[in-house]
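Working notes for the structure below.
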Amino acid sequence: MIKILINDFIYEVKEEILSYEDLGEKKANEWEKHFFKWFENSKISKKNIKEISGKKYYLIKDESEIFDIADKYFYAVEQKKEEEYWKNFQ
């Protein structure tokens with residue numbers, strides 16, 4: 001497992017989202033906004049978040065997982081299933 005600080009994780013996913021011409025900056029910013037809603041929702045179990053020495057990390061298996069997160073978001077936007085994307089997000 002690779003540990004990425006939350007802010008670095010957000011940056012990496014947004015950069016990947018920006019690589020999709022159809023999504024652009026608006027959708028990258030929306031992803032960030034929804035990520036923080038998900039992150040701050042105490043009712044949601046977050047198996048990929050770990051806190052170490054007061055810093056929060058997102059855990060990924062490898063770097064390709066960042067691409068997968070952006071790809072799934074792209075398809076969710078394309079199919080108008082963003083709400084479902086966030087329900088299943090981990």
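The values are calculated or read from the model by the stated rules, or taken from the named source; none is laboratory data. What you see is a predicted model; the values in this text were computed from it and never measured. Here the Cβ is made from the backbone with ideal geometry for all residues, glycine too, and neighbour counts use every protein chain on show. Please note that ligands, DNA and RNA were not included when accessible areas were found on the heavy atoms of the full protein model with its side chains. Shrake-Rupley method; radii C 1.70, N 1.55, O 1.52, S 1.80 Å.
Observations on the structure shown:
- Sulfur and carbon atoms: percent of accessible area, the chain [1.4 Å]: 46
- Principal axis dimensions, largest first and in whole angstrom, of region 1-48 by Cα: 33, 24, 13
- Per-residue ellipticity at 222 nm from helix content only, as computed over the chain with -39500 (n - 2.57) for each DSSP H run of at least four residues, stands at -18500 deg cm²/dmol.
- Residue-normalised accessible area of region 11-87, expressed per residue, 1.4 Å probe, Å²: 70
- Using the Cβ-Cβ distance between Glu21 and Ile52 with R0 set to 41 Å, the FRET efficiency works out to roughly 0.65.
- Residue separation of Glu84 and Lys33 scaled by 0.36 nm, minus their Cα-Cα distance, works out to 16.8 nm of gained length.
- Size-normalised alpha-carbon gyration radius of the chain, reference 2.2 N^0.38 Å: 1.05
- Cβ-defined net charge surrounding Glu84, 14 Å radius [Lys, Arg +1; Asp, Glu -1]: +1
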